[in-house]
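The values are calculated or read from the model by the stated rules, or taken from the named source; none is laboratory data. These numbers come from a predicted model, not from an experiment. All Cβ positions, glycine included, derive from the backbone under ideal geometry; neighbour counts span all protein chains shown. Heads up: the accessible areas ignore ligands, DNA and RNA and are worked out on the full protein's heavy atoms, side chains in. Shrake-Rupley method; radii C 1.70, N 1.55, O 1.52, S 1.80 Å.
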Amino acid sequence: MENKKPILISSPILPDLDEFVESLKVIWERKWLTNNGEFHQEFEKKLAAYLGVEYVSLFSNGTLALISALQALRITGEVITTPYSFVATTHALYWNSIKPVFVDIDPVYGNIDPLKIEAAITPKTTAIMPVHVYGNPADVEKIDEIAETYGLKVIYDAAHAFDVKKNGNSILNFGDLSILSFHATKTFNTIEGGAIICQDAKTKKRIDYLKNFGFSDEVTVVAPGINAKMNEVQSAYGLLQLKSYEKQTEERQEIARTYCELLEDVKGIRCLHDIDGIKHNYAYFPIFVDAQKYPLTRDELYQKLKEHGIHGRRYFYPLISEFPTYRGLPSSNPDNLKIASKMTNQVICLPIYPDLKLNTIRAIARIITDLSV
Ligand SMILES: *Cc1c(COP(=O)(O)O)cnc(C)c1O
């Protein structure tokens, strides 16, 4: 497949252009571009109904949603979180002057290990910030139980978990708040965008003040808010995106199933399997390379794939705890993060997106299989 257009890990889905132009005409007519416009209000309502949640507050991106979520609950001191995520998870703590406390992850799905949370709690701990890594739910029952016992808040970074359900209930209904990202690389995109999901009207009101400088009315500023509003163009775009999402999930499911079948018997390559009772979104297709059993290391396989025009991504490598800003923290010690340190050196996320051709999937699997012998 040399010399062809490279195959990237994801390829964004865009709404129907003619329909989008119709929406733009409405915006041009209304001349209302941002600040809780009609498309914004409609998108919040439709999105809440679609996801099966009570309250959605739209944001200009997921990172500002994370930062604002911590502000909304007045989180301070220390927050227990995972090093196995995208840097924005921990950066949001840093921007709030909160000290991240990393705990290790489970060896199968890479989510925060609830059994290690209690040992990391100190008098300064105010919240837990887990991530639903690759869209596979963290152990929400155990985490919420620990939070209740110790009087902590729970904010889920659900950037990967758009429309993931557990026994028919949205995963976004667990904890105090959940954060979504609608960045171009996510399964559901508004180019850039994000949201906070909350459980009551009072909290939504506070979140809505915070994303608009803290204004509660024309002359009252109730908090040092930020500007993180989603505009009308993106809201109209997002509304159109909802129409085709379910079909896209089915297409990604088919790709994941095909990869699993083709790679099942390759020694030293581990794939993730569906979990009982979970409606998955197949946002990512991570494989884990065990260099003891597979002839190549993860980085060698990653390079080989690249030479064939297949651009996987090493999500998540390095660990957040390894970046200069965070590596000096006591909890960043690799002895505290043994499983995360292992997974970060094994993972490659393979391309997965609705337009990905069956032939390409087969070719990718063949490269991995051929190199295994
Ligand atoms: C994408 C992502 C974010 C950041 O979202 P943006 O919308 O890009 O700001 C945060 N956390 C995780 C886990 C992500 O994957």
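When you scan segment 131-141, do you find a residue that is surrounded by fewer than 18 Cβ atoms within 10 Å (Cβ to Cβ) and in a loop (DSSP other than H, G, I, E, B), even just one?
no
Quick one: count up the residues across segment 82-127 that are in a strand (DSSP E or B), without any contact (Cβ under 8 Å) to a residue 60 or more places away in the chain and either open to solvent by 30 Å² or more (accessible area, probe 1.4 Å) or away from the ligand (no atom under 15 Å from the Cβ) (or both).
Total satisfying the criteria: 3.
Which condition does Arg206 not pass, out of (1) open to solvent by 40 Å² or more (accessible area, probe 1.4 Å); (2) farther than 20 Å from Gly135 by Cα; (3) part of a loop (DSSP other than H, G, I, E, B), if it passes all the others?
Looking at each condition in turn, Arg206 falls short on (3).
If you go through segment 35-61 one residue at a time, how many are part of a helix (DSSP H, G or I), open to solvent by less than 10 Å² (accessible area, probe 1.4 Å) and not hydrophobic (A, V, I, L, M, F, W, C)?
Here the count works out to 1.
Does any residue of segment 55-71 turn out to be touching a residue at least 24 places away in the same chain (Cβ under 8 Å), away from the ligand (no atom under 14 Å from the Cβ), within 20 Å of Thr203 (Cβ to Cβ) and among the β-branched types (Val, Ile, Thr)?
yes
Within the bounds of segment 139-158, is there any residue that is under 16 Å from Leu337 (Cβ atoms) and among the aliphatic types (A, V, I, L, M)?
Scanning segment 139-158, I find no residue that is under 16 Å from Leu337 (Cβ atoms) and among the aliphatic types (A, V, I, L, M), so the answer is no.
Any chance you could count how many residues in segment 136-167 are away from the ligand (no atom under 16 Å from the Cβ), of a type in the set (S, T, N, Q) and touching a residue at least 60 places away in the same chain (Cβ under 8 Å)?
1
Quick one: which residue in Glu2, Glu29, Glu22 is farther than 23 Å from Tyr282 by Cα and modelled with pLDDT under 95?
Values: Glu29 fails: modelled with pLDDT under 95; Glu22 fails: modelled with pLDDT under 95.
Answer to the selection: Glu2.
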